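Okay, structure first, notes after.
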Amino acid sequence: MAPINIIYTSIEGNTRAFIKRLSAYAEQQHALNEDNPLITAKEISDQTIPEDEKEPFFVFVPTYLTGGNGIDSGFTEIMTNALGEYIESGDNAQYCVGVVGSGNRNFNEQYCLTARKYAKQFNAPFLADYELRGTSRDAEHIYAILRDRWNEVHA
């Protein structure tokens, strides 16, 4: 089974910490059953030079917004633009098979708004969400979703 490819950005380290937790869980599951795929993750930052992706991938994106309330008075996405630009580069968007968002539930309707925007923009399903650094339960739940979607894509 091909590893699950993840492309993500991490501004304050929360997404990076969750990807590490998710990858460790994938390793445990793979050790129990080799049909459970491992995870290959690539962090995108302002310094990343875009590459042409050749394999399907999932996007993990936190929400950082400024201006408006994000619903009816607009918003400006901040700090995650490098990830969006990377996906827009070349034909990369066609390989995006799902989006997972994170954020802070204290922001109500704005919670995971960037991920929902990416899902719409890149015509990929919004698959799951987790708050801040996520929990072990989140990692288990999201891994199952990714694994099932990965199997659909590779069927």
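Please treat every number below as a calculation from the coordinates, not as lab data. The structure displayed is predicted, hence computed values, not measured ones. Here Cβ is always computed from backbone atoms with ideal geometry, including for glycine, and neighbour counts include all displayed protein chains.
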Stretched fully, the stretch from LYS54 through ALA144 gains (0.36 nm per residue minus C-alpha distance, one decimal, in nm) 30.0 nm
What helices in the chain pass both tests, a Cα length along the helix axis of 18 Å or more and a mean Kyte hydropathy of -1.0 or higher, using whole DSSP H runs? 14-32, 136-153
Relative frequency of Cα-Cα separations exceeding 24 Å in the chain, percent: 29 percent
Under 5 Å, built H, 5+ apart or other chain: amide partners of LYS42: ILE6, ILE7, TYR8
For the chain, give the share of DSSP beta bridges that are antiparallel, in percent and rounded to the nearest 5; count only bridges with both residues there. 10 percent
Give me the one-decimal nm value for the distance between modelled label points at ASN81 and ALA155, 7 Å along each residue's Cα-to-Cβ direction. 4.0 nm
Under 5 Å between amide hydrogens, which residues at least 5 positions from THR48 or on another chain qualify, with H placed 1.01 Å from N in the peptide plane? none
Mind checking the full-extension length gain between ASP35 and ASP91? Use 0.36 nm per residue of separation minus the Cα-Cα distance, one decimal, nm. 17.2 nm
